Amino acid sequence: MQKSVILLNMGGPNNLDEVKLFLTNMFNDRNIIAAPNPIRKMIAWMITRTRLSDAQATYAELGGKSPIIGHTERLVKALESKIDAKVVYAMRYTPPFSTQVLEQIKENDAIYAIPLYPHYSKTTTNSSFEDLYAEAKRLGIEDKIHTVAEYYKHPLYIDSIVARIAEALGDRDPSEYELVFSAHGLPQKIIDQGDSYQRHIRYTLHYARKALMLKGVNFHKTHLAYQSRLGPMEWIRPYLEDKLKTLTKKKVIIFPIAFTVDNSETEYELEIEYREIAEEMGFEEYIVAKAPNDHPKFVEALADIYLEMEREVECV
């Protein structure tokens with residue numbers, strides 16, 4: 001039986017020429033901007049035009065492309081070495097798109113799609129699933145697709161978080177540091193409409209705190225905050241900048257809790273932009289932990305999720 005695993009993510013530009021494509025596709029997504037199609041296209045055009053120059057400058061500083069590409073490719077190789085299936089990846093807003101990837105594996109007997117966002121949201125998980133199933137239906141292979149919606153409390157995923165935090169901490173005394181779990185924000189109205197993202201983030205925070213405590217890693221305090229706010233509307237709080245202002249210790253470790261793969265929002269927004277803000281606030285140390293990426297514990301988590309999906313399919 002031929003099987004494939006598709007890792008789904010939002011994507012990022014493979015080069016500076018793709019920045020416009022990335023922004024245009026993202027802001028044309030009805031799961032991101034819930035407006036009638038003509039209005040959404042106009043909004044997407046306006047946002048892309050406004051943000052294009054700054055976005056290109058950001059990616060130029062990161063080497064001319066999104067860090068998500070290399071990290072994802074390494075994760076694919078690591079996972080493929082652990083399971084009995086071909087592993088590929090598909091991005092939502094930049095190549096390789098699901099239409100290209102499904103064409104390559106459409107003859108396989110089963111296709112297991114695992115999103116690289118453990119916390120369900122219509123803006124991420126649902127958006128990728130809608131796109132994947134639309135292409136699968138076009139090819140007549142929708143019955144081959146099997147998905148998992150969330151895995152925010154999977155023990156091995158939690159272990160990968162703890163490992164990355166411990167790696168960032170090194171031999172420092174955790175009681176001298178505050179730990180901030182920074183999640184990508186969402187407009188408050190999306191949460192008010194029933195999106196489970198914030199609830200899943202809070203559960204992950206609970207399990208990570210518990211795992212740290214059991215390992216005897218006790219920070220002065222741990223916190224949750226949200227980054228990447230865009231536009232004038234109210235987003236879920238507290239905002240990361242506001243949270244940093246409240247910390248009594250001037251030594252902080254930031255863990256990007258919403259991301260499993262490092263990208264521009266971790267390697268530029270957190271590492272560079274918020275570092276400057278923290279320095280202006282007088283922080284003595286500002287450390288950004290890596291996302292799980294291809295850490296062995298995260299690779300084990302994905303392998304376990306795949307095996308569980310496979311068992312469920314075989315039982316049907």
- Query: Does the stretch 1-22 contain any residue that is without any contact (Cβ under 8 Å) to a residue 40 or more places away in the chain and crowded, with 18+ Cβ neighbours inside 10 Å?
  - Reply: no
- Show the residue pairs that are 6+ apart or on different chains and have beta-carbon atoms under 6 Å apart, the first residue being within the stretch 221-247 and assigned to a loop (DSSP other than H, G, I, E, B), the second being surrounded by 20 or more Cβ atoms within 10 Å (Cβ to Cβ) and of a type in the set (A, V, I, L, M). Ile236/Leu186; Pro238/Ala225
- Please determine, by comparing only the residues of the stretch 150-191 that are crowded, with 19+ Cβ neighbours inside 10 Å and of a type in the set (S, T, N, Q), which one is farthest from Ala301 (Cα to Cα). Ser182
- Message: Of everything in the stretch 139-154, what is free of Cβ contacts under 8 Å to residues at least 12 places away in the same chain and assigned to a helix (DSSP H, G or I)? Give them in sequence order.
- Response: Glu142, Asp143
- Selection within the stretch 225-268 - under 15 Å from Glu285 (Cα atoms) and under 19 Å from the mean Cα position of the chain (by Cα): Ile253, Ile254, Phe255
- Query: For Asn31, are the conditions met, namely being of a type outside the set (D, E, K, R), closer than 30 Å to Ile111 by Cβ and in contact (Cβ under 8 Å) with a residue 12 or more places away in the chain?
  - Reply: yes
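A short reminder: the numbers here are calculations on the coordinates, not readings from a lab. Note that the structure is predicted; figures quoted are calculated from it, not measured. So basically every Cβ, Gly included, is an ideal-geometry build from the backbone, and we count neighbours across all protein chains shown.
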